[in-house]
Amino acid sequence: MQIAHVLRWSSVGGTEIATVRLVQHLPEFEHLAFLATEPSAASALFTEAGIPVRPYDSAEHSLRRPLPFLRASVRIAQGLRKSRATVVHCSDVMAAFDVALGARLARLPVICHVRNPHEELPARSRPVLRLVTHFVFVSEHARERFAMTVPARRASVIYDGLQAPRVEHDEARKAIGAELKLAPEARLIGMVARLASQKDHPTFVRAAQRILAVHPNSHFLVVGDHEGDADLARRHAELNDLIATLGMIGRFTFTGFRSDTDSLLAAMDVVVLATHYEGFGLALLEAMAQERPVVGTRVGGIPEFVHHDATGLLHAHEDEADLAAQVVSLLDDPEKAARLARAGRELVDRQFTMEGLAKRMGDLYRAVSER
């Protein structure tokens, strides 16, 4: 079986990394990646992982001017046939907008991953999404907030999984401390998320000012792509302006995309994910796998695995005072931080394994190919 993974975006984030991990844990299938932008940071990620990359042409779906979209769909169908694809797996809803019609013209089943809540869908997109064979929601929240009725036989909730090698905190901290030239007593608070508008980096920056008032030896790390496209670069500039306005120049490091995320997470004293909406929150799960205490926004699917004061802490949306208070509570109480970190690691080991995810997705690939 040949699985064609379709990805819409040019930059690298959780969706792209999760797709590569899934491919690596399903060696019984053949895989290739269809990318809307090539070459790009995303195509480099797949190429380096040994996954063949193919470009595809997309066109806006317009009810008034349907011909460009129909022509693009025919070209997509031809590309899928040429690749001998068996199943088309769209990495998110936007990818399904692009290729669902082309895939069905090629008489192929289409799986659509739903990684965020979609409480509104354009009317023009609904006929295309009805062509999807099966929807995979990353959380119960994502399924509940999907603005289209999907019959139970065509929907599954499949949580992301991990098989992260454990990196020792002290070793990782020594290495990143040397790289960033941090003092031994510095406290490192980090957030792993590309600078997309979905993520709430401004609240993280404002919370940092409050944290510094209590723990002046703190340093803040932002790991994620900030130059893969014009929007990411603009947000990077805006965040640097905000940091300067708040008098925190030298207190933040933006690493850009890094392939050693496990080591960076292991080096952090506290891992934060401030976000406006979230289907799941994979970066927090990765931190929990490294036995790091986490603080996430109380939105979307995050509370489905970050249970407040049990496996991590939650803060109110866009509330920098609450976020700062939760982080300070962990810095002030190492025993509490260690307790939550252990509980988080145990939860990942019990319920969010890569083996479990791969088995469910492999079974789904086989099932849709037989329909």
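The values are calculated or read from the model by the stated rules, or taken from the named source; none is laboratory data. In this text the structure is predicted, and so the values were computed from the model without any measurement. Using ideal geometry, Cβ is built from the backbone for each residue, glycine included, and neighbour counts are taken over all protein chains shown.
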Practice prompt. Can you tell me which residue among 114, 110, 88, 74 is in contact with a helix residue (DSSP H, G or I) (Cβ under 7 Å, 6 or more places away or on another chain), surrounded by fewer than 23 Cβ atoms within 10 Å (Cβ to Cβ), modelled with pLDDT of 95 or more and not charged (D, E, K, R)?
Written response: 74
Item to complete: Confirm whether residue 135 is touching a Leu at 6+ places or on another chain (Cβ under 9 Å), outside any loop (DSSP other than H, G, I, E, B), of a type outside the set (Gly, Ala, Ser) and without any contact (Cβ under 8 Å) to a residue 60 or more places away in the chain.
Response: yes
Discussion item. From the list 15, 19, 37, exactly one residue is in a loop (DSSP other than H, G, I, E, B) and either in contact with a strand residue (DSSP E or B) (Cβ under 9 Å, 6 or more places away or on another chain) or more than 30 Å from residue 356 (Cβ to Cβ) (or both). Which is it?
Written reply: 37
Discussion item. Is it the case, given these coordinates, that residue 298 is outside the structural domain of residue 145 (by TED's automatic domain parsing) and without any contact (Cβ under 8 Å) to a residue 24 or more places away in the chain?
Written reply: yes
Practice prompt. Would you tally the residues in region 313-340 being among the small types (Gly, Ala, Ser) and either in contact with a Ser or Thr (Cβ under 9 Å, 6 or more places away or on another chain) or not assigned by TED's automatic domain parsing to the domain that holds residue 204 (or both)?
Written response: 2
Worksheet entry | Residues satisfying the stated conditions in region 91-109, i.e. within 25 Å of the chain's Cα centre (by Cα) and part of a loop (DSSP other than H, G, I, E, B) | 91, 92, 109
Worksheet item: Hey, does region 73-82 have a residue that's assigned to a loop (DSSP other than H, G, I, E, B) and in contact (Cβ under 8 Å) with a residue 60 or more places away in the chain?
Response: no
